[in-house]
Amino acid sequence: MAQIIVVTSGKGGVGKTTSSAAIATGLALEGHKTVVIDFDIGLRNLDLIMGCERRVVYDFVNVINGEANLNQALIKDKRSNNLFILPASQTRDKDALTKEGVGKVLEDLSKDFEYIICDSPAGIEQGAMMSLYYADIAIITTNPEVSSVRDSDRILGMLQSKSRRAEQNLEPIQEYLLLTRYSPKRVTTGEMLSVEDVEEILAIELVGVIPESQAVLKASNSGTPVILDNESDAGKAYSDTVERLLGNNVPLRFLEEEKKGLLKRIFGS
């Protein structure tokens, strides 16, 4: 059976889709057959970040409604034979996602894939609830700011009460914290919460810290998951995150402000 991983948050704009694309790509590069699903019905951004927007013919809702089968709707990634994308619909309403329909698609995907990554919309509307309902693992994605962390705490409540595992009194969803857009310099000046602050508030296991980086925007604009940028701190941090998800002990990086040498202090970066 596949492991179903939801990448979720309470607040928009924290990097869920970037993280979903990076984590799915990282798992595929490690040799695991992986599919990533866009649950953001009506907006559809995952295919842009994955660089396959022009190849979308059928979507997630078409499959649920029986208008296409999975073989027709799944898009094979150009960079990895182990990675597939199931895009969202841009023309349907979020209510098009039903518990039964989503469950059937996930059940069918579980026969062929090791990992199913669910890219959730923000908040607690229908798409978000459907994306987390069947999850085995939840990656709570948050920025180190009070409003984002507070909203993430609300999502934890939903995972613990509204998921299939909660309803059926099964083993709880494994919850992990992914901290994005982290800037040690801004933590030092008091503009941003520290890693320790966020861990104390949410009290879940930390799986990764992604530093603030222009590489993320550059990768998104080029339709390339940032994890493929081996030279960037963000790319390295996502690679570390995937290793930890797979159970490997990898130390955290990019938590301290970089010390500039004499030449950098004189001439700048």
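Could you check, for segment 71-78, whether at least one of its residues is part of a helix (DSSP H, G or I), crowded, with 24+ Cβ neighbours inside 10 Å and among the polar types (S, T, N, Q)?
Scanning segment 71-78, I find no residue that is part of a helix (DSSP H, G or I), crowded, with 24+ Cβ neighbours inside 10 Å and among the polar types (S, T, N, Q), so the answer is no.
Given the conditions (1) over 24 Å from residue 233 (Cα atoms); (2) open to solvent by 40 Å² or more (accessible area, probe 1.4 Å); (3) among the polar types (S, T, N, Q), and given that residue 62 satisfies all but one, which numbered condition is not satisfied?
(2)
For residue 13, work out the one condition from (1) assigned to a loop (DSSP other than H, G, I, E, B); (2) over 18 Å from residue 208 (Cα atoms) it doesn't fulfil.
Of (1) assigned to a loop (DSSP other than H, G, I, E, B); (2) over 18 Å from residue 208 (Cα atoms), only one is false for residue 13: (2).
Examine segment 111-125 for a residue that is under 16 Å from residue 224 (Cα atoms) and either among the hydrophobic types (A, V, I, L, M, F, W, C) or touching a residue at least 12 places away in the same chain (Cβ under 8 Å) (or both), and state whether such a residue exists.
No, there is no match, as no residue in segment 111-125 is under 16 Å from residue 224 (Cα atoms) and either among the hydrophobic types (A, V, I, L, M, F, W, C) or touching a residue at least 12 places away in the same chain (Cβ under 8 Å) (or both).
For segment 177-197, indicate whether the set of residues that are crowded, with 18+ Cβ neighbours inside 10 Å, more than 18 Å from residue 257 (Cα to Cα) and out of contact with any Pro (no Cβ under 9 Å at 6 or more places or on another chain) is non-empty.
yes
Please specify each residue of segment 148-169 satisfying the condition of being part of a helix (DSSP H, G or I) and either free of Cβ contacts under 8 Å to residues at least 40 places away in the same chain or open to solvent by less than 40 Å² (accessible area, probe 1.4 Å) (or both).
Passing the criteria: 148, 149, 152, 155, 156, 157, 158, 159, 164, 165, 166, 167.
Quick grid of which residues meet (1) surrounded by 17 or more Cβ atoms within 10 Å (Cβ to Cβ); (2) over 16 Å from residue 134 (Cβ atoms); (3) among the aromatic types (Phe, Trp, Tyr):
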| site | (1), (2), (3) |
| --- | --- |
| 32 | yes, yes, no |
| 43 | no, yes, no |
| 50 | yes, yes, no |
| 69 | no, yes, no |
| 88 | yes, yes, no |
| 98 | no, no, no |
| 105 | yes, no, no |
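Output the number of residues of segment 79-124 satisfying the condition of being among the charged types (D, E, K, R), assigned to a loop (DSSP other than H, G, I, E, B), out of contact with any Ser or Thr (no Cβ under 8 Å at 6 or more places or on another chain) and modelled with pLDDT of 95 or more.
Final tally of qualifying residues: 2.
The values are calculated or read from the model by the stated rules, or taken from the named source; none is laboratory data. Please read these numbers as outputs of a predicted model, since none were measured by experiment. For neighbour counting, all protein chains shown are included, and Cβ atoms are generated from backbone atoms with ideal geometry for every residue, glycine included. Surface areas here come from the heavy atoms of the whole protein model, side chains and all, with no ligands, DNA or RNA. Shrake-Rupley method; radii C 1.70, N 1.55, O 1.52, S 1.80 Å.
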